[in-house]
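The values are calculated or read from the model by the stated rules, or taken from the named source; none is laboratory data. This structure is a prediction, so every number in the text was calculated from the model and none was measured. Positions of Cβ are backbone-derived with ideal geometry, glycine not excepted, and every protein chain shown enters the neighbour counts. All accessible areas refer to the heavy atoms of the entire protein, side chains included, with ligands and DNA or RNA removed. Shrake-Rupley method; radii C 1.70, N 1.55, O 1.52, S 1.80 Å.
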Amino acid sequence: MQEHIYTAKRKKIIGQTWTIWVYVAMQVWATIALIIKQPYNYIGAIVLISVLFGSLNAFAISLFIRYYKHSVGKKFIITYNTLQYVDDKTGESTELINTEIEKVLLVETHFASRSPWPWYSHEYFMLMDAKGNRIIVTSYIMDLGDFWQDMLRARVSSDNIVREKKMYPWF
């Protein structure tokens, strides 16, 4: 039986998270630059920059950690009849039959590539069947477009797609 196996790739993770690390570097650089200038005269600016960047970075880093933990060490296996999500560490797996998938939920950000938010490139899709089983596939493993291009998923109906836009694509 033919199968396609998808895993999280380091290059893809770096490509999607570089904006997060730019924001972290900007916070560190701005704080150090203000402290070196004159620490007592710029205390308000240091606090303001730390609060603004810190709030953005806290959300971005928590999202990165969640996506990373849900993607690394996992396999998404597509065969003609089934979709399977396997955790290599624990050995747990979830299997869905292609013809029984009732809903494909795509969660993406509002602004796409023109977004000022560091998590703009994060998205996921969820495959759900009638029994309540679900598989969440993060963008570190594959995008929904890549899923539709895979020839083995042909028995999954594209009529069941539901798009949801969120400011912060948390699952």
Quotient of C-alpha Rg and 2.2 N^0.38 Å, computed over the chain: 1.28
Can you tell me how much longer the chain between VAL162 and ASP87 gets when fully stretched, taken as 0.36 nm per residue apart minus their C-alpha distance, in nm with one decimal? 24.4 nm
Using the alpha-carbon atoms, what tilt in degrees (0 to 90, nearest 10) does helix 43-71 show relative to the longest principal axis of the chain? 20 degrees
As an exercise, use a Förster radius of 25 Å and the Cβ-Cβ distance of ALA130 and ARG66 to find the FRET efficiency, rounded to the nearest 0.05. 0.35
How far, in nm, would the chain grow between ILE14 and LYS37 when pulled straight, counting 0.36 nm per residue and subtracting the alpha carbon separation? 5.0 nm
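For a test of the definition: using alpha carbon positions, the gyration tensor, and the 1.5 limit on a/c, classify region 63-116 as rounded, prolate or oblate.
Judged from the Cα gyration tensor, region 63-116 comes out oblate (a/c at least 1.5, b/c at or above a/b).
Once you've got the Cα coordinates, tell me which of LYS75/LYS165; LYS131/LYS166; LYS69/LYS131; LYS11/LYS37 are over 32 Å apart.
LYS11/LYS37
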Placing unit charges on C-beta atoms (Lys and Arg positive, Asp and Glu negative, everything else neutral), compute the dipole magnitude of the chain about its Cα centre in debye, rounded to 20. 580 debye
If you plug each phi of region 139-146 into the Karplus form 6.51 cos²θ - 1.76 cosθ + 1.60 with θ = phi - 60°, what whole-Hz ³J(HN,Hα) values come out, in order, with x for Gly and Pro? 5, 5, 8, 6, 8, 5, x, 5
Specify the residue with the greatest mean-square fluctuation among ILE141, ILE14, ILE101, computed from a Gaussian network of the chain linking alpha-carbon atoms under 10 Å apart. ILE14
Once both label points are put 7 Å beyond Cα along the C-beta direction, the ASP150-VAL28 separation in nm becomes 3.6 nm
Sulfur and carbon atoms: percent of accessible area, the chain [1.4 Å]: 60 percent
Using a 10 angstrom cutoff on alpha carbons, build the Gaussian network for the chain and name the most mobile of GLU95, GLU123, GLU108. GLU95
Karplus-derived 3J(HN,Hα) from phi for region 78-94 (6.51 cos²θ - 1.76 cosθ + 1.60, θ = phi - 60°), whole Hz, x at Gly and Pro, runs 10, 10, 5, 9, 9, 10, 9, 10, 10, 9, 5, 6, 9, x, 6, 8, 10
Between TRP117, TRP29, TRP18, where does the largest GNM mean-square fluctuation fall for the chain, given springs only between Cα atoms within less than 10 Å? TRP29
Relative to the longest principal axis of the chain, what angle (0 to 90°, nearest 10) does the C-alpha long axis of helix 10-37 take? 10 degrees
Accessible solvent surface per residue of region 51-171, calculated while the other protein chains remain in place, 1.4 angstrom probe, Å²: 51 Å²
